[in-house]
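Heads up: the structure comes next, in structure tokens.
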Amino acid sequence: MLVEVKNLVKRYKDVLAVDNVSLSIEEGEILGLLGPNGAGKTTTINAMIGLTRPDSGEILIFGKNFNNHELEIKRDLGVVPQDIAIFEDLTAYENLCYFGKLYGLKGSLLKERVEEALEFTGLLDRKKQYPKKFSNGMKRRLNIACALVHHPKLIIMDEPTVGIDPQSRNHIIQSIKKLNEMGSTIIYISHYMEEIEEICTRIVIMDQGRVIAKGTKEELKALMTSDERVVVELSSANYTLVDNIKKLSGVKDAYINGTELTVISQKNSKNLNGIIAQVSENSEIISLNVEQPSLETVFLTLTGRSLRD
Amino acid sequence: MNVLQIAYYTVLRNIRDWKLFLLLIGAPLVFYLIIANVTTNVNQGINLEKFKLAYFDADGGPTAQQFEGFLQTKEILTAFDIQKVDSLDNGKQMVKDGKIEALIYLKNDFSQSLKQGEKTNIEIFSNKSISATRLLVEGFINTVNTSSAIKKIAGDINVTEVSSGIQQIAISSTGKTFNDADKSAFIGLLEMLSYGALLGCLSVINSMKKNTLLRFNISPINDLAYVSGQFLGNYLTLCPSSGLFIAFTYFIWGSSMQGNILNIILTFLLLTGIITALGMIVGYLTKKTGLGAIISVCLNALLSGAAFVWMMGTAHGFLKWFVFLSPQYYVYVIVADTIFEGFTSRIQVSLISLAMAVTALTAVTLFLGRRKAV
């Protein structure tokens with residue numbers, strides 16, 4: 001177990017920011033911490049990296065307690081903070097050198113690691129430029145590079161894609177996948193469910209300071225009791241088709257709106273072949289879309305609220 | 001090792017903030033050049049009309065002779081056309097006729113009164129309410145710290161103020177002392193140097209506002225490494241300003257320093273430490289750019305102002321007490337006593353006071369800036 005958090009509690013005056021949170025992370029995982037703003041994600045992480053002193057609970061990182069092994073733990077931690085934390089009056093290269101030196105890197109090793117981090121984040125050709133001339137996406141990438149320069153065992157990323165263009169977002173997502181393939185363990189905090197779904201091997205959903213669900217995305221979706229929905233676009237509408245489809249096993253409802261047929265079935269009814277067969281007999285299929293429950297719907301089911309409420 | 005690296009990058013960043021750097025180095029440099037120009041009387045060749053005045057010495061005692069000597073110094077004769085008259089009536093008549101602007105009158109018991117510790121006066125007869133002669137006499141009085149002049153305007157005598165008598169202040173008959181213009185210039189420059197506190201203040205607030213402080217809080221460095229490096233970096237950035245001040249002091253008064261330049265260097269190194277620490281403390285306590293800048297400026301204006309009013313002899317009440325908290329006051333005492341052969345003990349006490357202040361303030365800075373869980 002790379003990280004183990006047991007019964008973590010943190011209170012700010014009258015606000016219970018983290019309420020008895022327990023979670024663990026295995027080596028090589030990408031753990032997604034999902035929840036709306038104010039769910040307690042960042043407070044949990046701040047307690048893990050020593051920025052916040054918890055009121056109670058135990059945190060073990062690399063099997064060590066933070067109180068007794070603070071510097072040892074920090075040496076193998078890489079943190080990408082939510083807000084960009086770079087010096088705008090130092091070049092990209094100097095920023096990485098500065099932060100690399102804080103982790104004891106020097107000489108040719110420092111130079112090598114700095115170049116590597118710049119290349120990894122696609123900033124090598126901008127290394128002599130000052131970040132004040134960078135786009136927000138490039139600043140975010142440099143923010144990430146600063147956390148990677150010392151090759152940490154555990155990387156914590158707190159909403160690293162906030163407020164950036166799709167191209168930079170895609171670059172960052174691909175970089176995270178690549179980092180994981182290279183063996184890094186990552187904790188990825190976000191309230192963007194699409195990102196969490198795409199990259200995380202395991203997900204913890206938090207709300208109002210508590211962990212409300214955890215598991216793989218498949219396990220989380222299995223918690224859902226909602227219906228499955230198949231939407232088929234037809235070349236021409238045929239109303240007798242609806243009656244035939246309603247007779248298929250598991251189908252709860254079917255209706256046509258223009259040339260679009262919607263079929264609502266019970267979860268795991270496995271009737272897609274039957275639907276396709278019925279439709280093909282009567283019309284030509286232009287497109288077909290099976291709508292699976294998303295993490296958004298999981299969150300909605302668990303809390304009764306949307307993630308972005 | 002980390003402390004030096006942090007200091008290096010702090011200096012690099014400070015230098016690259018060219019607006020702030022210009023404010024801290026460029027502006028003082030320009031002011032030093034102007035003030036040096038004024039202080040060394042480079043413009044003495046300009047043909048100004050001299051003030052005409054006369055004096056009548058009915059006393060003839062040692063202090064009166066010192067005053068006569070003072071009137072005959074090169075500096076005084078540059079601005080005044082002075083003549084001696086043989087009676088008080090003749091002098092008064094010359095004032096009435098407009099031949100002279102003022103008559104200075106030393107009474108026959110002037111020196112004797114001073115010797116016995118009694119109150120005494122130097123009288124000025126003039127038809128002008130603000131007479132340059134009054135400034136001249138006050139200049140002399142300030143140097144001997146004896147009594148204020150009685151100004152006689154259109155024949156009326158008004159006693160304005162009398163001093164408590166002569167204290168142990170060296171009397172310079174050559175006029176080689178800080179005159180009022182020098183004092184103002186000196187404190188003005190000290191105040192300008194003290195605005196370097198803004199550097200420390202802004203660097204602390206910027207690191208908080210721009211989140212870079214977080215990187216140091218999560219890195220495996222000693223709790224005091226970052227604040228120590230930042231302090232050292234800011235200190236080193238301000239050193240060129242102090243260097244300029246040392247060079248200025250040496251250029252203007254170097255020949256009078258009796259080889260005590262080390263006193264001056266040590267003084268300014270200590271002052272730079274105090275300024276840096278003060279600025280950083282204000283930054284840690286306020287955490288806001290505008291408020292921090294305002295407090296830094298006001299604090300330095302207050303400390304410099306206290307030194308200034310003390311130096312001009314007009315400090316009363318709160319300011320008389322507050323001056324002992326003013327590093328600028330100690331710097332002035334050290335520089336003045338080093339140049340004009342003042343008391344060695346006073347120089348030593350002032351240096352110790354500055355050293356104690358820098359130690360205490362640095363400790364507070366390190367305490368406030370240490371890494372801590374929040």
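The values are calculated or read from the model by the stated rules, or taken from the named source; none is laboratory data. The structure displayed is predicted, hence computed values, not measured ones. Please note: Cβ atoms are built from the backbone with ideal geometry, for glycine as well, and neighbour counts cover all protein chains shown.
Just one of the numbered conditions (1) within 30 Å of residue A:89 (Cα to Cα); (2) modelled with pLDDT of 85 or more is not true of residue B:82: (1). Just a yes or no: is a residue in the stretch A:287-304 over 30 Å from residue A:43 (Cα atoms), among the small types (Gly, Ala, Ser), surrounded by 14 or more Cβ atoms within 10 Å (Cβ to Cβ) and not assigned by TED's automatic domain parsing to the domain that holds residue A:25? Within the stretch A:287-304, none of the residues are over 30 Å from residue A:43 (Cα atoms), among the small types (Gly, Ala, Ser), surrounded by 14 or more Cβ atoms within 10 Å (Cβ to Cβ) and not assigned by TED's automatic domain parsing to the domain that holds residue A:25. Contact annotation: residue pairs with Cβ atoms under 7 Å, 6 or more positions apart or on different chains, pairing a residue in the stretch B:319-342 that is over 17 Å from residue B:356 (Cβ atoms) with a partner that is in a helix (DSSP H, G or I) and among the charged types (D, E, K, R), are B:337/B:346.
Cβ separations smaller than 6 Å between residues 6+ apart or across chains give the following pairs from the stretch A:126-150 residues that are within 12 Å of another protein chain (Cβ to nearest Cβ) and closer than 16 Å to residue B:211 by Cα to residues that are of a type in the set (Asp, Glu) and part of a loop (DSSP other than H, G, I, E, B): A:131/A:88; A:132/A:88. Among the residues of the stretch A:61-85, those identified as assigned to a loop (DSSP other than H, G, I, E, B) and either within 8 Å of chain B (Cβ to nearest Cβ) or within 21 Å of the chain's Cα centre (by Cα) (or both) are A:81, A:82, A:83, A:84, A:85. Checking each residue in the stretch A:86-125 for being over 30 Å from residue B:21 (Cβ atoms), more than 9 Å from chain B (Cβ to nearest Cβ) and outside any helix (DSSP H, G or I) picks out A:121, A:122. Reported count of residues in the stretch B:238-287, each being assigned to a loop (DSSP other than H, G, I, E, B) and exposed (fewer than 15 other Cβ atoms within 10 Å of the Cβ), is 3. Of the residues making up the stretch A:200-214, those that are surrounded by fewer than 20 Cβ atoms within 10 Å (Cβ to Cβ) and either closer than 22 Å to residue A:148 by Cβ or modelled with pLDDT of 90 or more (or both) number 3. Within the stretch A:153-167, is there a residue that is surrounded by fewer than 19 Cβ atoms within 10 Å (Cβ to Cβ), assigned to a helix (DSSP H, G or I), more than 13 Å from chain B (Cβ to nearest Cβ) and under 20 Å from the mean Cα position of the chain (by Cα)? Among the residues of the stretch A:153-167, at least one is surrounded by fewer than 19 Cβ atoms within 10 Å (Cβ to Cβ), assigned to a helix (DSSP H, G or I), more than 13 Å from chain B (Cβ to nearest Cβ) and under 20 Å from the mean Cα position of the chain (by Cα), which makes the answer yes. Yes or no: the stretch A:280-294 includes at least one residue that is polar (S, T, N, Q), assigned to a strand (DSSP E or B) and either free of Cβ contacts under 8 Å to residues at least 12 places away in the same chain or within 30 Å of residue A:39 (Cβ to Cβ) (or both). No; the residues of the stretch A:280-294 include none that is polar (S, T, N, Q), assigned to a strand (DSSP E or B) and either free of Cβ contacts under 8 Å to residues at least 12 places away in the same chain or within 30 Å of residue A:39 (Cβ to Cβ) (or both).
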